[in-house]
Amino acid sequence: VAIRAAAASAALVVAPSRAVAQDLDPRGRLAGRLHVVAPGVDVDRFAELDGVPAQPPEVLLLGAVVGWKRPDLALEAVAIARRRLPQLRLRVLGAPLDPAGDELLRSLRARAAEPDLAGAVSFDGHVADPRGALARATCLLHCAPREPFGMVVLEALAAQRPAVVPDACGPAEIVDASCGVVYPPADATAAAEALGAVVSDRERAAEMGRHGRRRARERFDREGSQARFAELIAGTLASGRAARMRADGRGRTDGRRRADGPRQGLESLSLVTVTHNSAPELAALLDSVARHLPGLRVIVVDCASEDGSLELAKRRPGVTAIGLQENVGFGRACNVGLEHVASPAVALVNPDVELLDDSLLALAGEALRADRPPRLLAPRVLNGDGSLQDTAHPVPGGPAELVASVIPPAALPGRAGVALAPWRSAAPRRVGWAVGCAIVARTDTLRGLGPFDESIFLYGEDLELGLRARERGVRTWLWPSARVVHHRAHSSTVAFGGEPFERLAAARHDVVHRRLGARRAALDDAVQALTFASRIAVKTALGRPARRERAQLLAVRSVGRDRDDARP
């Protein structure tokens, strides 16, 4: 219901299959705005493994072990097919996603141990690259009756392997009679007959495989899908610009300022980033700057990288590369970069950030407005999948965080939910502090603030900056009309072997203690512990794993114990 409501107000809706499009718009109200663009496949990547399928013949079931994909049906279909083809084997590749999947896998193993399947089924778990398994298989078996698209089906065709799929939804749109066999959904006997028809005739299976690769290349090529998606986006943006121009031509009489703020030239903004073994991320950031803000000056401060980050920066036009002899930490390196900024506004961004458009330039215009006081402006931050990142927060230990520790912000509609989770705001909003993956401000404002406390090597610099700026009357604002993507903790995750929850908790406690006092730090620790405990309770009640939250809770408690031990 929520997705349909969002689609109704969208300028463009892209669905991966006709089945999804029909589900989104059963009454045809999105005509002209709803388009189907199937995900594409790199056919050449699968062509590298051409070869003869293994013997005895293997049927491949590929996908997460979840109930709606009907892996139980696959076992029944193979059991029936083995009455005529006793050498037939089934290989299951995929892992459970939750406790329900764990229970399902146990039941599948028990079924596979019964006499009609004993020794014929292997459960090989998750694999990062399915190409080897596809090369061994005689065919792919797919059993989900309501699959939105079916990427594994498309990969099977690219690998020159026939697909046996339900005659429904996405898979039925991918295959045709030349490269696969369809069967009525949820019909194990019909699926077994389809398997027998493919497996018992090697020449036919090989011919279907060749047709499948041709179909994948002609209809589902990745570059073609990307081009179609880009075409739709460009057309929508052009229509939007034309509409704004028409509106501006008529004149505005409502007195409202445009949401994207005053425009500035490229000379008004510089971008500073700090790298430490960040070459792939830096390349993506610089590529995004070249696409959306070509000619923008970028300052890269490299902290003794060993992966060529500094050399990469030096090769890029318009980039000032500064190499440090040691890893001095994020805050200190940022301060070094700020010394080389000549523009009136600056954006401090992590190297694992990518620009989505030119909205940081508009954000610089907002920061430079003469009729506004100095501010720290944070864009809306998205994950790689387009979901929101929680990068704008209330003041630690305050009423909003206390309420949010026991009431999930997503459970509250409208302004109440935004008050607890300000990163969800669709309008500019003053916040307590913002995560430092992307901050825009006047250059002189940041220099006046420091900006970062160089005694902090890693973690907590952004919180400390936000609280110190607040003390000096410089407020932090979330400005959601500007957007970036943040891929999160690329170097620290490698350095610490995962998310360093204890370091994060200790850094937060130390900063709050320094800036707001011991009592507020103790209160904030308690609020953090209550938040993670509440999340654990909710996830446990829903049967979902809560390993991450348990680790976070243990980290907060550890900080509390250390504080108690340090008391005289």
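The values are calculated or read from the model by the stated rules, or taken from the named source; none is laboratory data. Predicted model, so just to flag it, every value in this text is computed and none were measured. Virtual Cβ from ideal backbone geometry, glycine too; neighbours counted across all protein chains shown. Areas reflect the complete protein model, heavy atoms only, side chains present, ligands, DNA and RNA absent. Shrake-Rupley method; radii C 1.70, N 1.55, O 1.52, S 1.80 Å.
What does the accessible area per residue of the chain come to in Å², with a 1.4 Å probe and no ligands, DNA or RNA counted? Don't skip to the answer; put the middle values down first.
Working: 27210 Å² over 568 residues.
Spelled out: the 1.4 Å probe surface of the chain, per residue, equals 48 Å².
Give me the Debye-computed log₁₀ of I(q)/I(0) at q = 0.14 Å⁻¹ for the stretch 1-101, equal point scatterers on Cα only, no solvent, two decimals. Scattering profile of the stretch 1-101, log10 relative to I(0): -0.86.
So for the stretch 189-236, what percent of the C-alpha to C-alpha distances run longer than 16 Å?
The calculated P(r) of the stretch 189-236 puts 60 percent of pairs beyond 16 Å.
In the chain, what % of DSSP beta bridges are antiparallel (nearest 5)? Around 25 percent of the beta bridges assigned by DSSP in the chain are antiparallel ones. Distance from the C-alpha centroid of the stretch 419-433 to that of the stretch 354-414: 5 Å, rounded to the whole angstrom. For the chain, the fraction of 1.4 Å probe accessible surface lying on carbon and sulfur atoms is 53 percent. From the alpha carbon centroid of the stretch 14-30 to that of the stretch 511-528 is 50 Å.
Max-minus-min Cα coordinates of the chain on each principal axis give 81, 69, 50 Å, with the largest extent listed first.
Each residue of the stretch 301-316 was assigned a 3J(HN,Hα) from its phi angle through the Karplus expression (A = 6.51, B = -1.76, C = 1.60, θ = phi - 60°), giving 9, 9, 9, 6, 5, 10, 10, x, 4, 5, 4, 4, 4, 5, 7, 8 Hz with x at Gly and Pro.
As a calculated quantity, the FRET efficiency between residue 426 and residue 202 at R0 = 60 Å, using C-beta atoms, amounts to about 0.55.
The stretch 13-117: which GluC sites (Glu not before Pro) are DSSP loop and have at most 13 other beta-carbon atoms within 10 angstrom? Let's see the in-between values first.
Values: sites: 48, 58, 76, 103; in loops: 48.
For GluC sites (Glu not before Pro) across the stretch 13-117 that sit outside H, G, I, E and B with at most 13 neighbouring Cβ atoms in 10 Å, the list reads 48.
The distance between label points at residue 127 and residue 48 comes to 1.5 nm (points 7 Å beyond Cα on the Cα→Cβ vector). Only protein heavy atoms count here; under a 1.4 Å probe, residue 314 has an accessible surface of about 130 Å².
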